[in-house]
Each structure stands twice: as structure tokens, then as C-alpha cells.
Amino acid sequence: MLDDFFVRALIAGLGVALVTGPLGCFVVWRRLSYFGDTLSHSALLGVTLAYSFEFNIALSVFIISSVIALILIQLQKKTNLPGDALLGLLAHSSLAVGLVVIGFLTFIRFDIMGLLFGDILAVTTKDIFIIWTGGAVILIVLKLIWKPLFASTVNYELAEAEGLNPDRAKAIFTILMAAVIAISIKMVGLLLITGMLIIPAAMARNISDSPQKMVLFSVIGGLLSVLLGLFSSLEFNTSSGPSIIMAALVLFILSLLNIKQSIKLKN
Amino acid sequence: MSLENSTLVKLNNAGFKQNNKWLVEGVSLTVEKGKIVTLIGPNGSGKSTTAKIALGIYKNIEGSVEKYTNKVGYVPQKISIDWTLPLRVYDFMLLTEDIKDEAIDEALTLTGVMHLKNKNLGNLSGGEFQRVLIARAISKKPELLVLDEPVQGVDYTGEIALYELIKKISDTLNCGILLISHDLHTVMTATDHVVCLNGHVCCSGSPIDVAKNNEYKTLFGEQASQILTVYEHKHDHVHSDEGQIKKN
């Protein structure tokens, strides 16, 4: 069954959606969407380095994204520039460096479109293994730091005062962000990973009244987006990433209709 | 009970500096089990800062803090909660610790907001939210309770009831309370130890001692020291220097 490229893509995509659902909620809650963008843009550099040194792509992306996150934290401490300017600086410069390095690697054939927007034809059995084991580790770690991370998202001082060590939870969460980008890059493509994190979570926010429900709906929304997106990608021969994100967008629009209805009901 | 066992938090000559400006300095105080220590002082005198030093929120401090408990309940003076989070009162009660449903219901009932349990936190009024904050802090059955102006925005009758509740909690749970309050009536009648701050410790001691202190009178005016005399008429006990109750 795993011989079929589409089945491989489905299994990989559903694995990605299981992880981006809960993480995406924190990205929305903590206002980290541009942080996610910066990390995923820097992933291109990770990919090129992986090709140059014949290194595992996911691992290389994970390392580069983590380094970029560390640089960001240092820059925030040492400069007076606002956060969004620093994020833009890192996102675009790491993307530029990545593209320049690709220019030098003339001896390797690159599928740039596949890198930027995802390529379901490229998903191997090894990728599935990386996505599902990596994803399981990410979810277990997230479960372990849930309490301090969530409490400090609501209010940092309460979490700190009542002994939850929010700084450690935040640092671990940053590493999880780098990891989720590393495992989802092949499916969604580096330009659209943040969309996979944010759009199902945003959809879920519209129809949830508690954090647990929002996580649940975000996961369901992500899974549905992958299913719908991949089938339409196969049907219309479009890139997998944009198709998945478009499906997520459709779900988001439907969730807006739901809000209108509930407002009408209240009145 | 020996002193070592009953001490919950101890500040030794503690201070905190931000942007080269002292927010507060040279504060020494001890909160013990079953005792209420109150911080009073004008705006900007470092009351909240002192509470945050005691809680360990500020890290780079002068002096030292010895904290002997991790079971802490905190009601901050200001709290900004981001409404991008879907959060019901119930979820908020479980924020820092998984507590049993009965404990949640009990705390919400004590503060008079049980009917709001499944309401969204963003839809509460200021006073309702304040009651929820207190309920959350006490539902954990903490050993140390830090209350930074806990009844702000609460209606007058509610204010009195909540202060009575706080006093009751200190007795029943035998927890130590660090209270910040502008309500001198409460401070002078319900607390064991008063610390009067104005960037540093102006004076401290039992409510009676502090009320007689000249620095207290300059800070709060002559009238403030008379609050106590007014109150003494209707009271059947006084507090000794150690904060113990002595029958008249």
C-alpha cells in the first residue's frame, strides 16, 4: 500500500495535521505567526545545506531554524529594534542567503517549486517515518509543558508566581516550532507552513468556547484540510501545499458562517 | 511551632532596581503561617514590587528572599488577559494546578460567583472578574496567599464580605497572607502585622504601633490614625507585638 505515492502523501499529511493543530493554537494565542514565518523562511537555508553536505533534510532544517530562533532572542536583547523588524530582517535575509546558495549549487537539480509549495510526489517511506516519530515526540513534549506554557500564555506573572517556570516552557516551545517546520516542509512547502499552523487554529477559534475544544477542532480542521487538499491536488494536478491551505481557507470561511448563525440565534 | 517551620517567605533587606531607579529598597519582612501581613503606602511606594519580589517574579534583586513553600496563590493588581484565548471561568480556575471540581465549586461559591462558572472570562465585569481571581487563588488551598488590592472594583457590601472571607481563609487554612490594601479600616482591624512603605520601610509593627507612628501620620494624615481608635471601641481584643490576639 505504501508503494502508492498518494497513500504515502496522505499518511504523511495526516501526521503533519495532527501536530500542527495543537501547536497552531499556541501560535495564534501567543501571536507568533510572524515568528513561524521567519523560522520557515530560514528553512530554505537548511534544505540547501542538507543537499550540499548530503545530510538529512528534516534534521538540517530543524538545526537551522533553531539557530535562527536563538539569534532572534539574542538580537531582541541587544538591539532596540522592534520585534517585527527583527523578524523581517531574519526571514528575508535567511531566505536570500538560501536562494544565493542554491545558485551556487549548479551541480544539483533543485525542484524549487516543490520546496516552496510542497510536493506530494516526493514523499518517501522514510519521510513518513520522520513525520510520525518526530510528530509523536513533539506532541508528547507539548503535553508535558502544556500547563506552564498555557498558564504563561494567559498571564506570565501568575505562572511565574505560582512556580510553573514559564521561561523554560517558552524555550522548549521555540524548539518545538523549529521541529514542526522541519517535519512539515516536504508536505506543505516552506512558504505555506505558517498557514497550516494558523488557518485551522483560527477556524477553530471561531467555533470554540474553551482551549481544549479549540485544540480539538484545530486538529480536525487540519486533518480535513489535508484530505480535501490532497484529493483536489491529485484531481486538478496542483501543488499539494496551496491545495491544502485552500481547503483550510474554505473551512475557515464556513466557520465564519457558523458565527453569523449563532449571533442570529442569540438575538 | 518553631519559627523555621512556620515561616513561609522571608525578605532580607530586599530591593529592586529598574532602569537605574529603585522601585523599592531595604525591605525586610516575614510572612508566617496563619498570619496576615499587610503592606500599605501611597501610590508608587513599591507595594506591588515588594509582593513580586516575595513571589520570585523579579529575579535580579538586591538582598535576598527565602521562600519555604511552593503552594502559592496570587491575585495580581493588574492582569491583562488576551481575548484571543477562548477561556471560561472554569478553565481559568485550572490554570496553574489541576484541582478537583468540588474545590472549584466551593471557592466560586465562597466568593459569590458560582453562577459564572461556564461564562467566558472576557464577558465578566471588573468586580466579577476580581471575585474569580480571588476564587482561583484560594481554591488551590495555598500555604501562601499574596493579594494585591484584591477587592478593587468590587461593590461595597461585597468588599466587606470578601475581607471577612480572606480573614476566615487565613484561620481555616492556616495559610500566611501578604495583603496589599488601601482600605485602612481593614488593614488596622484584620491584620497581624503592618508594613508601611514609601520606597523603603517607613515603619512596621502591629496595627496599633503603626497607627501611633509619626511617619504613618505624615503619610496618611491625622485622620488615618484615628480610624483605629474609632474601631477599638467596638473590639474585645487587641493584638500583641507578635500579632497574637489578647482578650481585653
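Read-outs throughout are calculated quantities, based only on the coordinates presented, and are distinct from any laboratory measurement. Given the structure is predicted, the values throughout are model-derived calculations rather than measurements. Cβ placement follows ideal geometry from the backbone for every residue including glycine, while neighbour counts extend to all protein chains displayed.
In the neighborhood of A:LEU23, defined by Cβ-to-Cβ distances under 15 Å, what is the net charge if each Lys or Arg adds +1 and each Asp or Glu adds -1?
Numbers: positive: A:ARG30, A:ARG31, A:LYS143, A:LYS170, A:ARG205; negative: A:ASP37.
Here the charged neighbours net out to +4.
Given an 8 Å cut-off on Cα distances and at least 6 residues of separation, report the relative contact order of chain A as a percent. All intermediate terms of the calculation are to be shown ahead of the outcome.
Details: 395 pairs, mean separation 80.4, N = 267.
Once normalised by length, the contact order is 30 percent.
Take chain A, mark every one of the trypsin sites (Lys or Arg not before Pro) that falls in a DSSP loop and has at most 15 other Cβ within 10 Å, then report the longest stretch left between them, sites excluded. Mind showing how you got there, number by number?
Numbers: sites that count: A:ARG31, A:ARG109.
Value returned for the longest uninterrupted segment is A:110-267.
Looking at this model, which pairs from A:LYS213/B:LYS141; B:LYS47/B:LYS168; A:LYS170/B:LYS59; B:LYS59/B:LYS140; A:LYS143/B:LYS140 are more than 20 angstrom apart at the alpha-carbon?
A:LYS213/B:LYS141; B:LYS47/B:LYS168; B:LYS59/B:LYS140; A:LYS143/B:LYS140
Going toward the positive end of the dipole of the stretch A:65-215, with +1 on Lys and Arg Cβ and -1 on Asp and Glu Cβ, which of A:SER208, A:LEU86, A:TRP146 do you reach last?
Most positive-ward Cα: A:TRP146.
Would you calculate, for chain B, the mean residue ellipticity at 222 nm contributed by helices, counting each DSSP H stretch of 4 or more residues as -39,500 (n - 2.57) and dividing by all residues, to the nearest 500?
After summing the helix terms and dividing by residue count, I get -10000 deg cm²/dmol.
Under 15 Å Cα to Cα from B:LYS17, which aspartates and glutamates show up? Leave out anything in the same chain fewer than 8 places away.
Leaving aside aspartates and glutamates fewer than 8 places away in the same chain, those within reach of B:LYS17 are B:GLU25, B:GLU62.
Rg and Dmax of chain B over Cα atoms: what are they, in angstrom?
Over chain B's Cα set, Rg and Dmax evaluate to 18.0, 56 Å.
Quick check: convex hull of the Cα atoms in the stretch A:5-266, volume per residue, rounded to a whole Å³?
So the per-residue hull volume is 134 Å³.
Find which of B:VAL132, A:ILE64, A:PHE231 sits farthest along the positive direction of the dipole of the protein assembly as shown, computed with +1 on the beta-carbon of Lys and Arg, -1 on that of Asp and Glu, about the Cα centre.
Working it through, the farthest residue towards the positive pole turns out to be A:PHE231.
Over the stretch A:1-74, what is the relative contact order in percent, taking alpha-carbon pairs closer than 8 angstrom and at least six residues apart?
21
Taking θ as phi - 60°, what are the ³J(HN,Hα) couplings along the stretch B:187-192 by the Karplus curve (6.51, -1.76, 1.60), each to the nearest whole Hz, with x for Gly and Pro?
Whole-Hz 3J(HN,Hα) from phi for the stretch B:187-192: 4, 6, 9, 9, 9, 8.
Let's see if you can work this out: charge +1 on each Lys and Arg Cβ, -1 on each Asp and Glu Cβ, no other charges. What is the dipole magnitude of the stretch A:5-266 about its Cα centre, in debye to the nearest 20? All intermediate terms of the calculation are to be shown ahead of the outcome.
Values: 17 positive and 12 negative charges, 96 e Å.
Dipole magnitude for the stretch A:5-266 comes out near 460 debye.
Given Cα pairs under 8 Å that are at least 6 residues apart, what percent is the relative contact order of chain B?
24
Apply the Karplus parameterisation 6.51 cos²θ - 1.76 cosθ + 1.60, with θ equal to phi minus 60°, to every residue of the stretch B:198-215 and state each ³J(HN,Hα) to the nearest whole Hz, in sequence, with x for glycine and proline.
Per residue, the Karplus-derived 3J(HN,Hα) values read 8, x, 8, 7, 6, 7, 8, x, 6, x, 5, 4, 5, 4, 7, 5, 5, 5 Hz.
List the GluC sites (Glu not before Pro) within the stretch A:143-210 that DSSP assigns to loop and that have no more than 14 neighbouring Cβ atoms inside 10 Å.
Hits after loop and neighbour filter: nothing returned.
Report, in cubic angstrom per residue, the convex hull volume of the C-alpha atoms of the protein assembly as shown.
Hull volume normalised by residue count: 177 Å³.
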